[in-house]
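Below: one structure, written as structure tokens.
The values are calculated or read from the model by the stated rules, or taken from the named source; none is laboratory data. None of the values given here were measured: they were computed from a predicted structure. Cβ sites come from the backbone with ideal geometry, for glycine too, and all protein chains shown count toward neighbours. When the accessible area is computed, the model is the full protein with side chains, heavy atoms only, and any ligands, DNA or RNA have been set aside. Shrake-Rupley method; radii C 1.70, N 1.55, O 1.52, S 1.80 Å.
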Amino acid sequence: SAGGHVNPAVSLAMVVLGKLPLKKFPVYVVAQFLGAFVGSCAVFCLYYGAFANFADGKRIVNGENATAGIFASYPREDLSLLNGLIDQVIGTGALVLCILAIVDNKNIGAPKGMEPLVIGLSILAIGVSMALNCGYPINPARDLGPRLFTAMAGWGLDVFRAGNGWWWVPVVGPMVGGVLGAVIYFLMIELHHPEPEKNLEDDNSIKDKYELNTVN
């Protein structure tokens, strides 16, 4: 099944593997972006008083009083766009590999009903080990949706200019990484699943019936 993923990169990986119909992909992506946008709106409303009082109420994108990073990812000063792109490809590739290994019925996977928890722990492990560069967005919807919200909510178009035009990296990188992770899983694991064994009891019963017919 396609599952209830909330990440366009995971959705694209499932399309590539034939686990999600292509016609459903745009619907998933729109829902994912809307969910992230609405979530950002909820956070802003919840902490509106804090935003109004911090830094004299200014919505700042760069510097020590920047608050745009609460909603979307921004790179470290020494991180190049190429390095950031590689970071996102590797991080999202690892995420998709973990998800596929967990939900694959032919794999050992996770105990039934524990899949969401194990996927969450996988994301935690990726975050703990890979967050230093840019905060491990690894999800185009979770990054671009809130970034659009901040552009509309007072932070302005600097949210797209910051980091030498960083905004596209956590959109393109995860999509490439998701496809790469899916291809690696298919070639290295899914292709090599053993064929299901035939039921020996059924084979024996057929053999017995054949022998009985030949005797008669």
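Quick notes on this structure:
- Residues considered: Cys98, Cys134, Cys45. Largest GNM mean-square fluctuation over the chain, using C-alpha springs under 10 Å, is found at Cys45.
- Estimated FRET transfer efficiency (Glu115, Ala66; beta-carbon r; R0 45 Å; 0.05): 0.75
- The sum of -39500 (n - 2.57) across all DSSP H runs of n ≥ 4, divided by the residue count of the chain, sets its helix-only mean residue ellipticity at 222 nm to -20000 deg cm²/dmol.
- Rounded to whole numbers, the Karplus 3J(HN,Hα) couplings from phi for the stretch 76-88 are 4, 4, 8, 8, 7, 5, 5, 4, x, 5, 4, 4, 6 Hz, using 6.51 cos²θ - 1.76 cosθ + 1.60 with θ = phi - 60°, and x at Gly and Pro.
- Within a Gaussian network of the chain (alpha carbon springs, distance under 10 Å), most fluctuating of Leu187, Leu95, Leu20: Leu187
- The accessible-area ordering, largest first, of the residues Arg161, Arg142 stands as Arg161, Arg142, per a 1.4 angstrom probe.
- For the stretch 1-55, the C-alpha radius of gyration sits at 1.60 times the compact-globule guess of 2.2 N^0.38 Å, with N the residue count.
- Accessible area per residue was computed with a 1.4 Å probe on protein heavy atoms; Leu46 scores about 130 Å².
- Taking amide H atoms as placed 1.01 Å from N in the peptide plane, the amide H of Ile60 lies under 5 Å from those of Thr67, Ala68, each 5 or more residues away in sequence or on another chain.
- Area accessible to solvent at Met175, 1.4 Å probe radius, in Å²: 50
- Couplings 3J(HN,Hα) of the stretch 144-160, computed from phi: 6, x, x, 5, 4, 4, 5, 4, 8, 9, x, 7, x, 6, 4, 5, 9 Hz, in residue order, whole Hz [Karplus 6.51 cos²θ - 1.76 cosθ + 1.60, θ = phi - 60°; x for Gly and Pro].
- Accessible area (Å², per residue) of the chain, counting only protein heavy atoms and a probe of 1.4 Å: 60
- Exposure of Phe33 as accessible area (Å², to 10), given a probe of 1.4 Å and all protein chains: 50
- For the chain, the normalised intensity computed at q = 0.07, 0.15 Å⁻¹ comes to -0.31, -0.99 (log10 of I(q)/I(0), Debye sum over alpha carbons, equal scatterers, no solvent).
- Highest-fluctuation residue, Ala31, Ala13, Ala94 considered, GNM on the chain with Cα pairs under 10 Å: Ala31
- Calculated from backbone phi, Karplus (6.51, -1.76, 1.60) coupling profile of the stretch 18-29 in Hz, x at Gly/Pro: x, 8, 9, x, 4, 5, 7, 4, x, 5, 4, 5
- Surface share of carbon and sulfur [accessible, 1.4 angstrom probe, percent] for the chain: 64
- Sorting Tyr48, Tyr136 by solvent-accessible area of protein heavy atoms yields Tyr48, Tyr136, largest first, with a 1.4 Å probe.
- With Cα atoms as the point set, the radius of gyration and Dmax of the stretch 94-177 evaluate to 15.9, 49 Å.
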